[in-house]
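Taken together, the values in this text are just the output of simple stated rules run on the coordinates, not laboratory data. For clarity, every value in this text was computed on a predicted model and none was experimentally measured. Don't worry about glycine lacking a Cβ; one is built from the backbone with ideal geometry, like all the others, and counts go over all protein chains shown.
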Amino acid sequence: MIKIGLDAGHGLKTAGKEVPSYMPVLAGTKEWTLNNNVASMIEVLLLKYENVKVIRLDDVTGKADIPLSERVTKANKNNVDITISCHHNAGITGGVGGGLEIYRYTNSQKFTKQMQKELYDSILKETGNKGNRATPIKEADFYILKYTTSPAVLIEFGFMDSKSDIYKIAQNAWAEKCARGVVNWLIKHFNLKKKQEKNIYRFILNGKQIGAFTNLDNILKNVKQHIGSDEIIIRKIK
């Protein structure tokens, strides 16, 4: 079982963590909301894969900004295989530029430079949010990176106060694009396998569906009951 510690940074009441009022769209939107949109979509996409358990480290309602020490403790107690902290940055103050940034702990031997670069490339491929940062792949001594015993990464998907980023962030598909970038990397890194989808077969008799089955033996039993009928069709539902 692969256990993923997933963190939407901050909370709905965290002071200063929101889209600034002077931005043309999303003004006043809390950063946690943007972070949670991505984290929740990561959870949804991972439902399609076997032997994966997501452990949320933040308050999934956003009502409380869970202290970093508690988030780290939860990740460590659950022996997660990786910790992913989702964020949106600020610092452009209404200008242009920004883009995707990914942080690992300074000189980390657990979350390597190669892992960091591959994750960056995977997210960038989905979002196209390449900015003007000289070093979008960074190292820092952030608490959640330093004290989690698992490999850990903090992702700044874009800048909330960048006029070039904010229109991307405002798109309905933004959270899914970010999440797909993360999940596509997780699939490769952990060699995740998709859950087997059961084929569903429709049993059509004389133009009328009289059953839908996942087991071909059950279909054959029903076919035998209708031998001699004018027309029997078995059609796989896509």
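Among 114-121, 54-61, the peptide with the highest mean count of other Cβ atoms within 10 Å heads the list, and the full ranking is 54-61, 114-121. In this structure, the pairs whose alpha-carbon distance is over 20 Å, taken from 3/193; 53/168; 130/163; 30/130, are 53/168; 30/130.
Taking θ as phi - 60° and the Karplus parameters 6.51, -1.76 and 1.60, the scalar couplings of segment 177-191 work out to 4, 4, 5, 5, x, 5, 5, 4, 5, 4, 4, 6, 5, 9, 6 Hz in sequence order, x denoting glycine and proline. The phi torsions of segment 42-58, fed into the Karplus equation with coefficients 6.51, -1.76 and 1.60 and a -60° offset, translate into couplings of 4, 4, 4, 5, 6, 4, 7, 10, 7, 6, 10, 10, 9, 10, 6, 9, 9 Hz, rounded to whole numbers, with Gly and Pro shown as x. Could you tell me which of rounded, prolate or oblate describes segment 137-201, using a ≥ b ≥ c as the square roots of the eigenvalues of the alpha-carbon gyration tensor, with rounded for a/c under 1.5 and, failing that, prolate when a/b is larger than b/c and oblate otherwise? Taking the square roots of the gyration eigenvalues as a ≥ b ≥ c, segment 137-201 is oblate.
For segment 53-195, DSSP calls about 25 percent of its internal beta bridges antiparallel. Distant-in-sequence amide contacts of residue 89, defined by a placed amide H-H separation under 5 Å and a gap of 5 or more residues or a different chain, comprise 157, 158, 159, 160.
The amide H of residue 49, built 1.01 Å from its N in the peptide plane, has 195 as neighbours under 5 Å, considering only residues 5 or more places off or on other chains.
Our coupling estimate for segment 22-39, obtained by passing each phi through the Karplus curve with A = 6.51, B = -1.76, C = 1.60 and θ = phi - 60°, is 7, 6, x, 9, 6, 3, x, 5, 6, 4, 4, 4, 5, 5, 5, 4, 6, 4 Hz, Gly and Pro reported as x.
Around the Cα centre of segment 28-161, unit charges on the Cβ atoms of Lys, Arg, Asp and Glu (plus for the first two, minus for the last two) sum to a dipole of about 240 debye. Placing unit charges on the Cβ atoms of the charged side chains and taking the dipole of segment 6-128 about its Cα centre, the candidate lying farthest along the positive direction among 40, 100, 6 is 6. Near residue 58, the amide H atoms lying under 5 Å from its own belong to 8; only residues 5 or more places off or on other chains count, and H is placed 1.01 Å from N.
Shape analysis of segment 13-99 places it in the prolate category; the axes a ≥ b ≥ c from the Cα gyration tensor give an a/c of at least 1.5, with a/b above b/c.
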